[in-house]
Amino acid sequence: MIFKYLITYIFCALLIFLSGLSFKASAQTPSSETDLFSLSIQELIDIEIDIASNDKKGINEQPSVITLITRSTIESSGARYLKDLLKQVPGFWIGTDTLGTFSVSFRGIWGMEAKILLIIDGIEQNEMAFGSLVLGNRYPVSNISQVEIIRGPGSVKYGGQAALAVIRVTTLNQATGDNKLNLMTDIGKSGFHNGIVGFTHSGEVTLKSSQLEYGLSGSLGDGDYSNATWQALDGYQFNLQNNSNSQPTNLSMNLRYNGWDLNAQYEKLKQEDRLLFGDSGLFFSPNQRYTQANELTFLHQAISLGKEWQLNDKLALSSKLTYTNQKPWNSQGQYGHDLSRKINRSRVDVQGLYALTDNSSLLIGSHYYYEKAEVSQSYIFDPTVRYFGSNNASNNDYSLYAQYESDWDFANVLAGIRYENHDLAGPELVPRLSLTKTWDKIHTKLIYNEAFKIPQFDTVASAHNAGTPILDPETTKSWEMETGYQLTETASLVGNLYLLQVDNFIGFNPQSASNTTLGDFRTMGMELQLKWQLDKLHVNANYSYFTVEKSNIDSFTIPLNKDAVLGIPNHMFKADLHYRFTANSRFHLLGRVVSGQYACTNDPNFICGEPEKLDTIYDVDAFYQYRTTHTLWNFGIKNLFNSNVYAVQPFKGGQSPINYESTRVMLDFQYSF
């Protein structure tokens, strides 16, 4: 362990020395493309994307509630992984599930299992055993160019794992001429260390008078996600340092030529786990505590080939073939606690966009995929009968969807509908309607969405084998209203209200230790955002609030507080402040104040006991940034006040809170070629 850290520090020192040779000579004004202070509020609003619309439009014209995170924002955030960016977005917060894994909640609902869809360079990332979005020390931001988020359902355009939100990531592979080397490291007390080394190389070459654009990126990470002492529900304790090491490896490639687009991805997360389901090994033979960490792995390999045709000035067609191979939730552990499964999916997408008039368009698309799962080892269940009496299973899924969008005098109107039929979920028909209107300084949106969840292989198998089969599909209805006002040229205020209803909610049942249909659940709330940009000072702040409007689910609601649920804070205030001393030097302050979360903290039976309300979280990062023509440096402190930042399990699943982010020194270095 000491040798590993020593090598990392030597590598860090070498990079600092080499870049320092040109430090003074290159101390010039940085490129505006990566300068947080280069774009005004109006220019940020006018950045065009198409995550929710048919054609590219600015954020205020998008027919959904949207968050856009640019590369300059990423470089000024101090973030290491995607979860760190999401912590600053309205409505999102970090939680923990089983086996020491982390994901996010959104608007009062745990989003890990097939409710929030992650797409990277056009390829879906959710693991295919449960549909889970497993985050934690995963998806390093060093290779991310832009993040677009639909804060609300997106099933009409994106299908049955987009019931709460859609996160679409574009990597630096998609750029041309972007060449970077990154080193990020955090150092805490008692030898705590976490580091990432990453690179990106892209460019173009001429082949037969046409340009071949290419991009290649990779990263390696290493370090414990926590150095705190963890205490199980029955009082058992151990230190997570040297028991929670995460090692993410990412490689990706992109080639573009004459309208063809080839993407290849390799991503593997190796993570140590001694928590299991909160009992640290007691639930399974030989019913003894773990004395060493198990190795949990997630493997994702994918390749896609797409082609675009502009047939005439009105009609554009695109198609894509994608093959994904995964080994999710595989583990090797003490006492023969081994789990081995593999899943693959072959998918074809076809989409057409027709310009009906100068102000209206029709988007029509379809997809089909075939997927197959096989489990060969398991200490949790009998693998030979896991899938309805067999160790393997297969599914088919196909869809047809359409979106009509038109800019009328009274509003921009979008109406969409999707039909999807999945072997496990059955057929679903969901609509979407949005009215968006922009004036000189005001915009408003009225949005109605319906969505559905496709339960994956092991969700259905878990429920069936426990004798509580999933009989009805999980569906979501969402009503949203957003209004924004640009107060001055340097300040804007945006607010939105929402009502989110989930029927036939599929979740974890602590009595059967399996998935099942739990009941109906409804939340309502608001999100406010303020932007204030002066010549030398930028301030972004947002406040999120939710309350439980209706629930008949016992596994995560709080008996003594009907407005709250386990693990998810009702109130969150997040802000970031950026001050420019000179053209090259900046100070960044990012903070989160999170109301006390209810958590299961004490129960010898590993169910929950009486939920306890934890203390308010005050999580603040402060760092100084220096830029030159080719380098970027960050020096600072994360969790400045050493607040107890808890990741709480938002359901009664046997897992006590994980205190996972203590005070640590941060050092970042980026070299652009």
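Let's see how each residue does on (1) over 30 Å from residue 44 (Cβ atoms); (2) charged (D, E, K, R); (3) under 25 Å from the mean Cα position of the chain (by Cα); (4) not in a strand (DSSP E or B):
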{"position": "494", "(1), (2), (3), (4)": "no, no, yes, no"}
{"position": "499", "(1), (2), (3), (4)": "no, no, yes, no"}
{"position": "516", "(1), (2), (3), (4)": "yes, no, yes, no"}
{"position": "519", "(1), (2), (3), (4)": "yes, no, no, no"}
{"position": "523", "(1), (2), (3), (4)": "no, no, yes, no"}
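Inclusion of residue 480 among residues that are assigned to a strand (DSSP E or B), on the phi < 0 side of the Ramachandran plot and touching a Pro at 6+ places or on another chain (Cβ under 6 Å) is not warranted. Can you pull out every residue in segment 451-465 that is open to solvent by 40 Å² or more (accessible area, probe 1.4 Å) and in contact with a Ser or Thr (Cβ under 8 Å, 6 or more places away or on another chain)? 465 - this is the single residue of segment 451-465 that is open to solvent by 40 Å² or more (accessible area, probe 1.4 Å) and in contact with a Ser or Thr (Cβ under 8 Å, 6 or more places away or on another chain). Listed by position, the strands (runs of 3 or more DSSP E) contained in segment 60-118 that have at least 1 residues being surrounded by 24 or more Cβ atoms within 10 Å (Cβ to Cβ) are 92-96, 102-106.
Residue pairs whose Cβ atoms lie under 9 Å apart, sitting 6 or more positions apart in sequence or on different chains, and linking a residue in segment 281-295 that is farther than 19 Å from residue 513 by Cβ to a partner that is in a loop (DSSP other than H, G, I, E, B) and open to solvent by 70 Å² or more (accessible area, probe 1.4 Å), are 293/242. Screening 135, 183, 164 for residues that are touching a Cys at 6+ places or on another chain (Cβ under 7 Å) and of a type in the set (A, V, I, L, M, F, W, C) leaves exactly one candidate, 183.
Here is the figure for segment 426-441: residues that are out of contact with any helix residue (DSSP H, G or I) (no Cβ under 9 Å at 6 or more places or on another chain) and either over 18 Å from residue 502 (Cβ atoms) or surrounded by 21 or more Cβ atoms within 10 Å (Cβ to Cβ) (or both) total 8.
Kindly evaluate residue 137 against the criterion of being open to solvent by 10 Å² or more (accessible area, probe 1.4 Å), more than 18 Å from residue 68 (Cα to Cα), not in a strand (DSSP E or B) and not charged (D, E, K, R). Against the criterion (open to solvent by 10 Å² or more (accessible area, probe 1.4 Å), more than 18 Å from residue 68 (Cα to Cα), not in a strand (DSSP E or B) and not charged (D, E, K, R)), residue 137 qualifies. Per the listing 436, 476, the residue uniquely at pLDDT 95 or above, farther than 18 Å from residue 132 by Cβ, within 27 Å of the chain's Cα centre (by Cα) and of a type in the set (Ser, Thr, Tyr) is 436.
Pick from segment 189-213 the residues that are among the β-branched types (Val, Ile, Thr) and under 21 Å from residue 250 (Cα atoms): which of them is most open to solvent (accessible area, probe 1.4 Å)? For segment 189-213, the residue satisfying everything is 197. Say we look at segment 214-238 and pick out the residues that are open to solvent by 50 Å² or more (accessible area, probe 1.4 Å) and not hydrophobic (A, V, I, L, M, F, W, C); which of these is nearest to residue 267 (Cα to Cα)? Out of the qualifying residues, it is 214. If only residues of segment 39-59 that are open to solvent by 20 Å² or more (accessible area, probe 1.4 Å) and among the hydrophobic types (A, V, I, L, M, F, W, C) are counted, the one that is modelled with the highest pLDDT is 59. For segment 498-516, filtered to residues that are within 20 Å of residue 111 (Cβ to Cβ) and hydrophobic (A, V, I, L, M, F, W, C), the residue that is surrounded by the fewest Cβ atoms within 10 Å (Cβ to Cβ) is 499. Would you point out which residue out of 548, 539 is crowded, with 17+ Cβ neighbours inside 10 Å, of a type in the set (A, V, I, L, M, F, W, C), more than 23 Å from the chain's Cα centre (by Cα) and in a strand (DSSP E or B)? Checking each option against the conditions leaves just 548. Taking each residue of segment 335-354 that is free of Cβ contacts under 8 Å to residues at least 60 places away in the same chain and looking for partners that are basic (Lys, Arg) and open to solvent by 30 Å² or more (accessible area, probe 1.4 Å) with beta-carbon atoms closer than 7 Å, six or more apart or interchain, yields 342/327; 344/372; 349/320; 354/314. In the set (1) open to solvent by less than 20 Å² (accessible area, probe 1.4 Å); (2) at pLDDT 95 or above, the condition left unmet by residue 485 is number (1).
Against the definition (part of a loop (DSSP other than H, G, I, E, B), over 17 Å from the mean Cα position of the chain (by Cα) and either among the β-branched types (Val, Ile, Thr) or closer than 28 Å to residue 527 by Cα (or both)), how does residue 176 come out, yes or no? Criteria met by residue 176. If you filter segment 644-653 down to residues that are more than 16 Å from residue 666 (Cβ to Cβ) and in a loop (DSSP other than H, G, I, E, B), you find that the one that is most open to solvent (accessible area, probe 1.4 Å) is 644. Note on segment 155-170: residues that are modelled with pLDDT under 95 and either open to solvent by 10 Å² or more (accessible area, probe 1.4 Å) or part of a strand (DSSP E or B) (or both) total 1. Does residue 601 satisfy the criteria of being under 18 Å from residue 555 (Cβ atoms) and touching a residue at least 60 places away in the same chain (Cβ under 8 Å)? Considered against the rule, which asks whether it is under 18 Å from residue 555 (Cβ atoms) and touching a residue at least 60 places away in the same chain (Cβ under 8 Å), residue 601 comes out as yes.
Residue count for segment 654-667, restricted to those that are open to solvent by less than 10 Å² (accessible area, probe 1.4 Å) and either among the charged types (D, E, K, R) or under 22 Å from residue 551 (Cβ atoms) (or both): 2.
Within segment 202-228, how many residues are hydroxyl-bearing (Ser, Thr, Tyr) and without any contact (Cβ under 8 Å) to a residue 12 or more places away in the chain? The total comes to 2. Those strands (runs of 3 or more DSSP E) of segment 336-422 in which 1 or more residues are loosely packed, with under 14 Cβ neighbours inside 10 Å and of a type in the set (D, E, K, R) are absent.
The values are calculated or read from the model by the stated rules, or taken from the named source; none is laboratory data. Not measured: the values here are computed from a predicted model. With ideal geometry, Cβ positions are generated from the backbone for all residues, glycine too; neighbour counts draw on all protein chains shown. For the accessible areas, the whole protein counts, side chains as well, though only heavy atoms, and no ligand, DNA or RNA atoms are used. Shrake-Rupley method; radii C 1.70, N 1.55, O 1.52, S 1.80 Å.
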